[in-house]
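The values are calculated or read from the model by the stated rules, or taken from the named source; none is laboratory data. Note that the coordinates shown come from a computational prediction; the quantities given were computed from them, not determined experimentally. Don't worry about glycine lacking a Cβ; one is built from the backbone with ideal geometry, like all the others, and counts go over all protein chains shown.
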Amino acid sequence: MVTTRSAFAVRGFRLLWLAGLLSVVGDQLARVALSILVFQRTGSAALSAATYALSMLPALVSGALLSWLADRYPRRRVMVACDVVRAGLVAVMAVPAVPLPLLAVLLVLVQLAEAPFSAAQGAVLPELLGGRYEAGQTVQQVTTQLCLVLGFAAAAFVVTGVGAHSALAVDAATFAASALLIRAGLGRHPPPAGAEREVTGWRRLAAGAVAVGRDRTLGTLVWLGWLALFTVVPEGLAVPFAHQAGVGTEWTGVLLAAEPAGAVAGALLLRRVARPVRVRALGVLAVGTSAPLVAFWGRPTLGTALALLFVSGLCSAYQVTAGATFVQLSPPRLRGRTLGFARTGMIAGQGLGIVAGGVLAQLVGPATAIAWAGTAGALVALAAAAAWARRRPDAVSAALPAES
């Protein structure tokens with residue numbers, strides 16, 4: 001079995017891992033800072049959730065319109081350009097005089113650059129890692145989730161100490177550092193020859209969705225991935241739920257850290273079993289990700305809520321295997337666009353889920369809104385699990401490149 005740390009033997013992966021680490025740390029500081037700032041100024045759970053969702057909803061546009069850039073231009077150039085743009089925009093957001101409406105506009109523009117960056121990065125990693133690809137994905141998942149655990153847990157305290165605008169300045173600096181690392185240490189990674197010549201205009205934009213729609217296995221994997229739109233709702237409602245539970249806003253970061261902590265544990269546990277077992281378990285774990293949220297019907301205490309979110313995160317580690325399987329089965333010449341399509345739906349769905357959860361929380365309270373999300377998510381996940389069983393998971397696993 002390939003060990004998780006084997007991915008670090010590849011220099012290009014080490015560089016992308018470090019660049020991503022810097023960006024995730026800055027992003028979580030900025031995200032929590034904006035969410036707390038809006039809630040403190042408005043007292044509105046819906047507006048607080050909507051601000052959090054603004055970091056996701058732009059993907060609905062950018063993924064469809066911009067992911068093709070990763071299949072048209074050298075992928076290093078795409079990633080560096082996206083980081084430079086984001087560093088400049090976030091630096092403007094860090095200016096104290098910028099009003100909230102303009103901050104929201106700038107946040108949307110920042111997130112528009114996420115889709116081409118992620119598509120380019122996702123297309124490069126299989127080329128760098130080969131049979132170590134899922135090991136590399138696990139490393140990235142564990143690192144990202146650990147950053148979320150530490151970042152979310154500390155963010156509220158850090159923002160209180162240094163201020164929201166200083167947190168945004170840190171975020172801008174992390175994007176600049178990422179651009180420098182990628183430009184200095186990664187090869188050009190041109191797209192496959194002829195990848196863009198065969199399609200133009202709308203067909204170019206739709207190629208990723210068409211490829212997924214024609215392949216039932218890819219389509220089912222996307223379905224499993226998009227279930228995150230239900231389980232992300234507690235993130236958007238962390239501030240109002242902390243208020244409902246009778247604790248201070250400093251506990252917001254702890255609530256936000258519970259699910260990523262479970263995801264770290266789950267990802268490490270899944271790497272201890274053979275790939276056929278991981279692939280076979282995707283449907284069951286998808287159901288297990290939403291099921292704990294159903295218990296929020298009982299309006300749990302803070303401690304119980306943390307335990308439920310941890311278990312949800314533990315099961316959510318299936319997303320690593322689902323994502324790695326999807327990327328490896330995607331046609332190489334369309335990989336940037338298929339990955340862009342999948343991530344567009346996931347991120348946009350998460351944003352819509354958070355907005356809907358925020359609106360529902362205004363009507364029935366945050367705990368009940370989370371319970372509704374968990375119930376709906378569990379039902380949809382059961383249907384997705386049945387569809388995955390029909391795709392013959394053992395045959396899917398056998399069709400993947402050998403782990404090395």
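Taking the stretch 245-282 as the range and being of a type outside the set (G, A, S) and over 21 Å from the mean Cα position of the chain (by Cα) as the test, the residues that pass are V247, T249, E250, W251, R272, V273, R275, P276, V277, R280.
Got a sec? Which of S55, S44, S23 is modelled with pLDDT of 75 or more and surrounded by fewer than 24 Cβ atoms within 10 Å (Cβ to Cβ)?
Only one candidate qualifies: S23.
If only residues of the stretch 377-401 that are assigned to a loop (DSSP other than H, G, I, E, B) and either farther than 12 Å from G283 by Cβ or among the polar types (S, T, N, Q) (or both) are counted, the one that is modelled with the highest pLDDT is R392.
Of all the residues that make up the stretch 354-376, how many are small (G, A, S), within 21 Å of the chain's Cα centre (by Cα) and at pLDDT 90 or above? Result for the stretch 354-376: 5. The listed residues are L106, L66, L100, and the only one of them that is within 26 Å of V355 (Cβ to Cβ) and either of a type in the set (S, T, N, Q) or modelled with pLDDT of 80 or more (or both) turns out to be L106. When V149 is tested against (1) of a type outside the set (D, E); (2) part of a loop (DSSP other than H, G, I, E, B); (3) at pLDDT below 75; (4) in contact with a helix residue (DSSP H, G or I) (Cβ under 6 Å, 6 or more places away or on another chain), just one condition goes unmet, and that condition is (2). For the stretch 328-372, a residue qualifies if it is under 19 Å from W388 (Cβ atoms) and surrounded by fewer than 21 Cβ atoms within 10 Å (Cβ to Cβ), and the qualifying residues are Q328, L329. In the stretch 324-331 there is no residue matching the filter, namely being among the hydroxyl-bearing types (S, T, Y), farther than 29 Å from W68 by Cα and part of a loop (DSSP other than H, G, I, E, B).
Look at (1) in a helix (DSSP H, G or I); (2) at pLDDT below 70; (3) surrounded by fewer than 19 Cβ atoms within 10 Å (Cβ to Cβ); (4) of a type outside the set (F, W, Y) and you find that A177 fails only one, number (2).
Here F310 meets the list (1) surrounded by 21 or more Cβ atoms within 10 Å (Cβ to Cβ); (2) within 19 Å of the chain's Cα centre (by Cα) almost entirely, failing just condition (1). Those helices (runs of 4 or more DSSP H) of the stretch 194-298 in which 2 or more residues are over 26 Å from T51 (Cα atoms), among the hydroxyl-bearing types (S, T, Y) and modelled with pLDDT of 90 or more occupy 216-226.
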